[in-house]
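What follows is one structure encoded as structure tokens, with my remarks underneath.
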Amino acid sequence: MRTIILCLASLMLAVFGAGAVLAEEAPVSAAPQAQTVCQQCHAGLPGHLGAPVKDWGGSVHSENGISCHDCHGGDPTDFAMAMSPERGFIGAPEPNAIPDFCGRCHIGVRQDYGDSKHGKALGKGGPQCVTCHGNHAVKRASLALINDKDCTRCHSYERAARIRDALETTDGIIAELEKELDGLHRVGIAVKAMRGKVFSARNSFHRLFHSVDVDKVHEGTAAVQADLEKVEVQVAGIKSELGQRKIWGGIAVVLLVVAGILALLLRRTYEEQEKAD
Ligand code: HEC
Ligand code: HEC
Ligand code: HEC
Ligand code: HEC
Ligand code: HEC
């Protein structure tokens, strides 16, 4: 069956020419990439065989150049041999194999997930990567993924809500600090070192979720917040110094204006005296 469909598809492409398919499906995305044979053939297939092309189209993976063959293996340049195991094709994973499938690239997340109650419940009612992120339409991750609707499919929301609250507070501090640093950068202050600290705090902060361990998340966010507080103190110091500079600058301007007026008055008196003489 598979061979027949493949032969038919190959024949169709041979008749109409790959060029026609390319022209019709020419990508208009920001980063134009040549279409692989995987996309070209699957785009024309019905139902669940064609849907991945569209779903993947707007994904964070597509944006970052991760294509069908990067996940599924195979040869993206050869129509006939594209899905042959000799060319590394591994097909679609079973649900229980998905953490390893995604974890080839997301090594840290794979580890945190594996150590968690979720990872330990894999195959026994626990969620895996695709349960929360989807398979092809994967978007940039955010705390919006933690919500009443998605997290209560298997248990109550209470622990999830506590995790979300802790993460949200830190998220807010990071966003505020990034805005402050942008502001300082605009008036010519060197912020590279402070940005580095916020960036690394942000990275360790975003690693906390997959443990889904309320205590761990609380300890983790406390440590991250302590690091962020040091940067906040630095920013406050710079801002008060800038404020003082502004006051002294203001006083200097006033003094200059007064001096100017005095000079003018002096000159007038001098000129009037000259006329009187
Ligand atoms: C000439 C057409 C054609 C090309 C080229 C092609 N596919 Fe497929 N693909 C199919 C058809 C038809 C099926 C369904 C029948 C089957 O499973 O073989 C399929 C099935 C699949 C499946 C599901 C397999 C499963 O285990 O359920 C995946 C994943 C897949 N293709 C990925 C790819 C990737 C990745 C490439 C490129 C390296 C590719 N395909 C190239 C036609 C094609
Ligand atoms: C980020 C990795 C990733 C990328 C990129 C990706 N896939 Fe998949 N794909 C998966 C996973 C995981 C599954 C299994 C999904 C599941 O069980 O929910 C899957 C399943 C499939 C299936 C079987 C669908 C079904 O319902 O039986 C096909 C066909 C497929 N992918 C084709 C493609 C094509 C074509 C592309 C490129 C346009 C692509 N995939 C890109 C991860 C990926
Ligand atoms: C129970 C739902 C859930 C499961 C299961 C899950 N994730 Fe996540 N994932 C999330 C949430 C929520 C975030 C956002 C956390 C944040 O913003 O701090 C996230 C964030 C991410 C990120 C971004 C991390 C970063 O450093 O910014 C990646 C990558 C990721 N997940 C991949 C995976 C992979 C791979 C798996 C499977 C091994 C997986 N996720 C399993 C919900 C889940
Ligand atoms: C071939 C390597 C590869 C595989 C396999 C892969 N990804 Fe990714 N993924 C990437 C790259 C590269 C990025 C973009 C860079 C980044 O943000 O980490 C990314 C980004 C993400 C993000 C957004 C991260 C963020 O910062 O918000 C999530 C979520 C994600 N992937 C989930 C998954 C899931 C779920 C799977 C399995 C279905 C998967 N990935 C499989 C390479 C991969
Ligand atoms: C597919 C089912 C499923 C989904 C969906 C799911 N969980 Fe879970 N979750 C489990 C199972 C199974 C356990 C382990 C048994 C238990 O503690 O209830 C668990 C445990 C937990 C725990 C307790 C961990 C511990 O160390 O005590 C937290 C917190 C949690 N989940 C948060 C979430 C969040 C947040 C979401 C949504 C992003 C979510 N879960 C979605 C199945 C699920």
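The values are calculated or read from the model by the stated rules, or taken from the named source; none is laboratory data. Just so it is clear, the structure is predicted and the values come from calculations on it, not from any experiment. Every residue, glycine among them, receives a Cβ derived from its backbone with ideal geometry; neighbour counts consider all protein chains shown.
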**Asked** When the residues of the range 56-85 are filtered to those that are surrounded by 13 or more Cβ atoms within 10 Å (Cβ to Cβ) and at positive phi, which remaining residue is nearest to ligand 3 (Cβ to nearest atom)?
**Response** 73
**Complete:** Note: among 171, 215, just one is of a type outside the set (Lys, Arg) and surrounded by 10 or more Cβ atoms within 10 Å (Cβ to Cβ), namely 171
**Message:** Quick check on residue 53: is it without any contact (Cβ under 8 Å) to a residue 60 or more places away in the chain, surrounded by 15 or more Cβ atoms within 10 Å (Cβ to Cβ) and not assigned by TED's automatic domain parsing to the domain that holds residue 213?
**Reply:** yes
**Residue count for the range 146-163, restricted to those that are outside any loop (DSSP other than H, G, I, E, B), closer than 26 Å to residue 232 by Cβ and within 16 Å of ligand 4 (Cβ to nearest atom)** = 0
**Every residue from the range 120-153 that is touching a Pro at 6+ places or on another chain (Cβ under 7 Å) and either small (Gly, Ala, Ser) or under 21 Å from residue 69 (Cα atoms) (or both)** = 129, 136
**Request:** Could you please find all residues in the range 95-126 being hydrophobic (A, V, I, L, M, F, W, C) and more than 16 Å from ligand 1 (Cβ to nearest atom)?
**Result:** 107, 109, 121, 122
**Prompt:** Going by the structure shown, is residue 190 free of Cβ contacts under 8 Å to residues at least 12 places away in the same chain and either outside any helix (DSSP H, G or I) or surrounded by 14 or more Cβ atoms within 10 Å (Cβ to Cβ) (or both)?
**Reply:** yes
**Asked** If you take the residues in the range 224-239 that are aliphatic (A, V, I, L, M) and surrounded by 14 or more Cβ atoms within 10 Å (Cβ to Cβ), which one is farthest from residue 156 (Cα to Cα)?
**Response** 238
